[in-house]
1. Would you point out which residue out of A:LEU35, A:LEU41 is in contact (Cβ under 8 Å) with a residue 60 or more places away in the chain, within 16 Å of B:LEU34 (Cβ to Cβ) and not in a loop (DSSP other than H, G, I, E, B)?
2. In region B:190-220, how many are in contact (Cβ under 8 Å) with a residue 24 or more places away in the chain and either surrounded by 15 or more Cβ atoms within 10 Å (Cβ to Cβ) or touching a strand residue (DSSP E or B) at 6+ places or on another chain (Cβ under 7 Å) (or both)?
3. Taking region B:204-236 on its own, how many of its residues are modelled with pLDDT of 85 or more and assigned to a loop (DSSP other than H, G, I, E, B)?
4. Just one of B:VAL207, B:VAL228 is of a type outside the set (Phe, Trp, Tyr) and over 52 Å from the mean Cα position of the chain (by Cα); which is it?
5. Anything in region B:179-200 that is acidic (Asp, Glu) and in a strand (DSSP E or B)? List them, or say none.
6. Can you name the number of the only condition in (1) in a helix (DSSP H, G or I); (2) within 20 Å of B:THR42 (Cα to Cα) that A:VAL59 fails?
Amino acid sequence: MWLPILGLIIGMAIGLLADIHIPAEYSNYLSLAVLAALDSLVGGIRAYLQNIYDETVFVSGFFFNILLAIGLAFIGVYIGVDLYLAAVFAFGFRLFQNMAIIRRILIAKWSFRKKNKNS
Amino acid sequence: MNQVMKHTRQGKVAKEVKANRVILSLVALVIGFLIVFSYRHTISEEEPATRNDREWARNIELHERLVEIEERNNELQRELIEKQRQIIALEFEIASEEEIFEEQARELETLRKYLGKVPVRGEGIIVSLDDSEYDPGADDINQFLVHEHHVLGVVNELFTAGAEAVAINGKRLTARSYIVCNGPVINVDGENFPAPFVIAAIGKAEVLEKALLIQGGIRDQLVDDNIVVIIEKKNEIIIDPVF
């Protein structure tokens, strides 16, 4: 359990210390990448709670979603359609949906445990 | 050890999950990096806003300086206009002064002519006075000679008529000239001249001639005194200066 947290801390440290500057016009891609990563993460948590977690699916989805979102936005810029909005919408939608599912599962588990304790 | 931890903490669920910690760590690393980097990027993007503020201040400062410079420009332009007006006034002054100089130069020239300091050239007349033939019957020889007062009369008449320069036998007359009788000759400015006397005068030939030919004028008086008078108009006479 500690290794992923360590990885998180190291990633944060790299993000803090790395002196990388990206032009302002690419900030859309960055936010999209963050959104895709969060979506994948929440999706993974949900799958874990629903016992359908598959590491390959999670990891590949994690990176593939990021790349796909960025690629979509990139193409959108070149064909003059704000495709990144589609990605933001889809990821945001899925993010909330997954969050809702996680919440329901947690509530169900909690109430189940409570009932067990009571009975 | 990992297996043990999994079993103890996550129990049943963990069995079905083959969580590779390393890959999970990688994912966590990427997420951490992305979030923090995005956060930092957003912060650094806010900097241009502050820079904008600075630019705004700089803009205002530059604008103020521009206004200042423009005001200074206007001031200088007004000064320039004022100076140009002064220059024009000075030029007018100089022009009028030049006019005065010119007038004075012309006057000087005229005065020099009167003083006989410059050679004079122009139209004029030549008057020759000569003793008449001696008539043995006459009792006084003086009746036949040209006297200094005859010459004086002619010279005065010529000057009165507006002659600019007069010379007797080539001797230029000036304001200080004198003509005196010196026995058989006439002394002009210390130089003796015998008859005939050739008086050259520069001026308007017509006027000078008319002045001499007035009825009862100098010509008639000379003729009465038995003097041979020859009046000749000339287109060009040159009278040398006297020093």
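The values are calculated or read from the model by the stated rules, or taken from the named source; none is laboratory data. Model, not experiment: these values are computed from the prediction. Ideal geometry is used to build each Cβ from the backbone, glycine not excepted, and the neighbour counts take in all protein chains shown.
1. Values: A:LEU41 fails: in contact (Cβ under 8 Å) with a residue 60 or more places away in the chain.
Sole residue among the options that is in contact (Cβ under 8 Å) with a residue 60 or more places away in the chain, within 16 Å of B:LEU34 (Cβ to Cβ) and not in a loop (DSSP other than H, G, I, E, B): A:LEU35.
2. 17
3. 5
4. On the way: B:VAL207 fails: over 52 Å from the mean Cα position of the chain (by Cα).
Exactly one residue qualifies, and that residue is B:VAL228.
5. Step one: filter region B:179-200 for residues acidic (Asp, Glu), giving B:189, B:191.
Result: B:GLU191, single match.
6. (2)
For every residue, the table says whether it meets (1) within 12 Å of another protein chain (Cβ to nearest Cβ); (2) in contact with a Phe, Trp or Tyr (Cβ under 6 Å, 6 or more places away or on another chain).
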{"position": "A:ILE10", "(1), (2)": "yes, no"}
{"position": "A:ASP19", "(1), (2)": "yes, no"}
{"position": "A:VAL34", "(1), (2)": "yes, no"}
{"position": "A:LEU38", "(1), (2)": "yes, no"}
{"position": "A:THR56", "(1), (2)": "yes, no"}
{"position": "A:GLY61", "(1), (2)": "yes, no"}
{"position": "A:GLY76", "(1), (2)": "no, yes"}
{"position": "A:GLY80", "(1), (2)": "no, no"}
{"position": "A:PHE112", "(1), (2)": "no, no"}
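Table: residues versus (1) at pLDDT 95 or above; (2) exposed (fewer than 10 other Cβ atoms within 10 Å of the Cβ); (3) within 14 Å of chain A (Cβ to nearest Cβ).
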{"position": "B:THR50", "(1), (2), (3)": "no, yes, no"}
{"position": "B:ALA57", "(1), (2), (3)": "no, no, no"}
{"position": "B:LEU62", "(1), (2), (3)": "no, no, no"}
{"position": "B:ILE69", "(1), (2), (3)": "yes, no, no"}
{"position": "B:ASN74", "(1), (2), (3)": "yes, no, no"}
{"position": "B:SER96", "(1), (2), (3)": "no, no, no"}
